[in-house]
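Below is the structure I would like to discuss, written out as structure tokens.
Each value in this text was obtained by applying a stated rule to the coordinates, not by laboratory testing. This one's a predicted model, so the numbers in the text were calculated from it and none came from an experiment. Note that each Cβ is placed from the backbone with ideal geometry, even for glycine, and that neighbours are counted across all protein chains shown.
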């Protein structure tokens, strides 16, 4: 709706979709034409209240369970305990807007170092 209401050029929407697909939501289509005609990508947008400033904002959380199941070799963890290295950082989506994304990078800590870093959701 944002792209349509703001009359965003398709070439710019393609660039945004490409970035979001690579960094945040791998199930997004790369093409704006496909994206604007599809409704298969679902995510729940929640409201988060700021306790200090009496304001609210929106957030979406993409869980880690499926990604861990995809990458973890359960045979190597018979006690079902994982040590995770997690890095969360903010990233402005647009120079002219205050909205930000907070990509989450995760790596399973294990010796020997056999696991690769992944971002949420897994791409």
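In degrees, nearest 10, range 0 to 90: what is the angle between the Cα axis of helix 10-23 and the longest Cα principal axis of the chain?
Rounded to the nearest ten degrees, it is 20.
Please work out which option in (1) 21.9, 77; (2) 14.1, 44; (3) 17.5, 54 gives Rg and Dmax of the Cα atoms in Å calculated from these coordinates, and answer with its label.
(3)
Kindly state, to the nearest 0.05, the FRET efficiency for residue 82 paired with residue 117, given R0 = 22 Å and r defined as their beta-carbon distance.
0.90
Arranged by the count of other C-beta atoms within 10 angstrom, fewest first, what order do 46, 96, 32, 26 take? Mind showing how you got there, number by number?
Working: 46 10, 96 6, 32 20, 26 14.
So the residues, fewest neighbours to most, are 96, 46, 26, 32.
In deg cm²/dmol and to the nearest 500, what is the mean residue ellipticity at 222 nm of the chain if only DSSP H runs of at least 4 residues count, each as -39500 (n - 2.57), divided by the residue total?
Values: 4 runs with 31 residues, N = 123.
After summing the helix terms and dividing by residue count, I get -6500 deg cm²/dmol.
Under a crude label model (7 Å from the Cα following the beta-carbon direction), how far is residue 64 from residue 23 in nanometres?
Between residue 64 and residue 23, the simple spin-label model gives 2.0 nm.
If you don't mind, there's one more thing I want to ask. Tell me, what is the FRET efficiency for residue 71 and residue 12 to the nearest 0.05, using R0 = 30 angstrom and their Cβ-Cβ distance as r?
Efficiency for this residue pair is about 0.35.
Right, another one. In nm, to one decimal, how far is the residue 53 label point from the residue 34 one, both placed 7 Å along Cα→Cβ?
Once both label points are built, they end up 3.7 nm from each other.
From the square roots a ≥ b ≥ c of the eigenvalues of the alpha-carbon gyration tensor of region 62-123, which class results: rounded (a/c under 1.5), prolate (a/b over b/c), or oblate?
Values: a/c = 3.41, a/b = 2.69, b/c = 1.26.
It is prolate, given that a/c is not under 1.5 and a/b is the larger ratio.
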